[in-house]
Structure formats: structure tokens, C-alpha cells
Amino acid sequence: MSKQDFRSGYVAFIGRPNAGKSTLLNRLVGEKIAAVSNKPQTTRHKIQGIVSREDGQIVFVDTPGVHKPGHLLNRRMMAAVHDAILNVDLIVLMRDASVSTGNGDRFVFELVKDSGKPALLVLNKIDKIKAKSDLLPLIDGYSGEHEFAEIIPISALKGDAIDILLTQIVKHLPVGDPIFGEDEMTDQPLRSIAAEMVREKILASTGEEIPYVTAVVPEVWDDSDPEITRIFCAIYVERASQKKIVIGKGGSRIKDVGTKARIDIEKLIGKKVFLKLFVKVVEDWRNRERDLDEMGVRQ
């Protein structure tokens with residue numbers, strides 16, 4: 001491909017919690033760089049994933065799910081969404097096509113519409129829809145209110161129509177040189193990805209309250225030994241009762257979380273890992289600026 005035809009740019013995933021944005025990012029990049037869970041608000045900050053092709057380079061920006069902010073943490077999460085909308089070349093509005101439309105979906109749609117940016121509408125989770133004709137009213141409703149560059153039904157989980165999506169995204173990017181090296185896949189440091197892998201396992205093994213009051217901070221990352229990397233992570237909670245839940249009876253839960261996270265981290269960095277997890281009680285950390293800065297959830 002000639003240099004004049006090569007396209008590159010930034011593309012933001014915007015959508016409600018649980019629309020499948022992080023699942024799609026991991027699928028496109030080919031590595032797990034974002035935590036995935038069925039709990040809302042899993043993604044807490046912008047995560048960039050890079051896809052390099054012969055015809056172009058796409059820098060995807062995964063954003064937190066759009067929600068009503070409460071704590072300082074949530075306000076910073078929503079600030080990340082607005083910042084992404086302002087600074088990308090193209091928006092991908094992601095919609096869970098398997099659920100009915102609500103006020104939250106309408107709010108996200110208006111954000112995208114008011115941005116003035118070119119946008120694609122991606123209808124995700126079509127693997128959950130038995131009759132694909134059920135998508136038609138959704139497509140008609142959105143296309144009747146906004147001129148989307150493309151409307152593409154996909155399944156991020158199964159990989160359906162992913163190649164079509166990538167081709168259409170590149171087509172709508174500006175002509176330009178690559179932004180990153182072709183072997184780069186993310187701007188996230190390894191320690192941030194590792195922390196998200198630990199948090200993902202916590203989300204998967206705890207109930208309704210705990211996912212919102214936990215955060216993971218790598219406090220020691222020692223890779224001086226070529227054979228093994230030693231990682232010590234603090235798990236933040238807000239109350240002593242939450243600490244007991246995360247640790248589990250006889251330490252069973254935190255041991256299970258550590259084992260599963262260690263396996264994922266070893267796959268990521270390609271060497272053995274010693275992972276030590278411990279729980280810190282930090283009252284109201286979701287409203288503490290310094291703690292949020294340390295976790296990478298910055299203003």
C-alpha cells in the first residue's frame with residue numbers, strides 16, 4: 001500500500017456499562033489488556049489498544065461505561081469519557097443489542113450525536129439474539145435520528161464480523177503515518193495491566209458490593225531476576241468487613257484470586273511470576289485524590 005493511502009487515527013469506544021467495550025478491545029488487539037467482567041463500571045480509565053494493518057493503524061481508546069457519577073472516582077471516569085470524545089478522530093458507539101433501550105442508552109446516543117464527530121454504530125452481542133430480524137427496529141431507530149458512517153452488528157465474544165468492523169473503521173480514518181510502532185499493542189505499562197488482571201478475578205469471585213469498593217495497586221514490581229518476576233499488590237477496600245470478604249474463609253478467596261491472576265500475568269509477560277496479594281483498608285478511597293492518582297484514575 002502506498003504511503004498516500006495509509007490511514008491512522010484514534011477511535012473511542014463509547015457506550016453504557018456492559019456493552020462489551022473491553023471484550024472487543026481485547027479481541028481486536030489479540031491480548032488481554034483490559035479487565036472484563038459482567039459487573040458494571042469494570043473499566044475505570046482510558047485504555048489504549050493498538051491494531052496495525054497493511055492499510056492503516058488504529059489506536060482504540062476504551063472508556064469507562066457512561067453512568068451517573070457519584071464519588072470522585074466516578075466523576076473522573078466520566079471525565080475520561082468526555083476527554084476521549086473530544087480528542088479522537090472517530091467514535092464507535094457500542095450498544096448491547098440483546099437488551100431493550102433505556103434512558104442511559106439515550107443519554108449515550110446524545111453524547112455521540114452532539115460531539116459532531118463521525119461515528120459508527122456497533123450493535124454487539126448478536127450471538128444472544130435468535131432472530132436477526134429483531135435487529136431491524138434498532139437499526140431503523142438509530143439511523144432515523146443520526147447519520148452514522150456505518151452500522152455493524154457484531155459479537156465481540158464470538159468474533160463475528162470483527163474483520164468487517166476493522167475494515168470499515170480504517171476506511172473512515174484520516175490519511176496519515178503510523179502513530180505507534182507496528183509491534184506495539186498498548187500504551188498501558190505492564191504493572192497496570194497486571195493490576196487489572198487481579199481486579200478482574202476479584203470481580204468474578206465477589207458479590208454486588210465488593211466490585212465497587214476494591215482497587216488494586218502494584219506496590220512492588222521486581223524483575224531483576226531473569227527467571228521470575230516478583231509482584232506485590234495491595235487490594236484497597238473501604239471497611240474491615242469488606243477485607244474479610246476479599247480474603248475469604250481461611251484465605252481461600254484471595255488465594256484463588258492470586259492463582260488465577262498469576263496465570264494470566266505469566267502469559268502476558270512470558271516468564272514465571274511470584275504474586276503476593278494483601279488487603280488494605282482505606283476509608284473512602286474513592287473520594288481521595290492521591291489514592292486515585294496512584295491507581296491511574298487521573299483527572
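The values are calculated or read from the model by the stated rules, or taken from the named source; none is laboratory data. On a predicted model such as this, the values are computed, not experimentally measured, just so you know. Every residue, glycine as well, gets a Cβ built from its backbone with ideal geometry; the counts of neighbours run over all protein chains shown.
I'd like the full set of residues that are on the phi < 0 side of the Ramachandran plot and out of contact with any Leu (no Cβ under 7 Å at 6 or more places or on another chain), limited to segment 146-161. Give the derivation first.
Of the residues in segment 146-161, the ones on the phi < 0 side of the Ramachandran plot are 146-158, 160.
Matches in segment 146-161: HIS146, GLU147, SER155, LEU157, LYS158, ASP160.
Taking VAL281, is it surrounded by fewer than 20 Cβ atoms within 10 Å (Cβ to Cβ), in contact (Cβ under 8 Å) with a residue 24 or more places away in the chain and not charged (D, E, K, R)? Spell out how you get there, then give the answer.
Details: surrounded by fewer than 20 Cβ atoms within 10 Å (Cβ to Cβ): yes; in contact (Cβ under 8 Å) with a residue 24 or more places away in the chain: yes; not charged (D, E, K, R): yes.
Yes.
Considering only segment 52-153, give the helices (runs of 4 or more DSSP H) lying wholly within it that have at least 3 residues that are under 29 Å from THR214 (Cβ atoms) and modelled with pLDDT under 90. Full working, then the answer.
Values: elements: 72-87, 103-115, 135-143.
Qualifying helices (runs of 4 or more DSSP H): 72-87, 103-115.
In segment 184-250, which helices (runs of 4 or more DSSP H) lie fully inside it and hold 3 or more residues that are out of contact with any helix residue (DSSP H, G or I) (no Cβ under 8 Å at 6 or more places or on another chain)?
Ranges flagged: 190-205, 240-247.
Only one residue in ILE235, ILE228, ILE254 is among the β-branched types (Val, Ile, Thr), at pLDDT 95 or above and buried (at least 19 other Cβ atoms within 10 Å of the Cβ). Which one? So that I can check it myself, show each step before the final result.
On the way: ILE235 fails: at pLDDT 95 or above; ILE228 fails: buried (at least 19 other Cβ atoms within 10 Å of the Cβ).
That would be ILE254, the only listed residue that is among the β-branched types (Val, Ile, Thr), at pLDDT 95 or above and buried (at least 19 other Cβ atoms within 10 Å of the Cβ).
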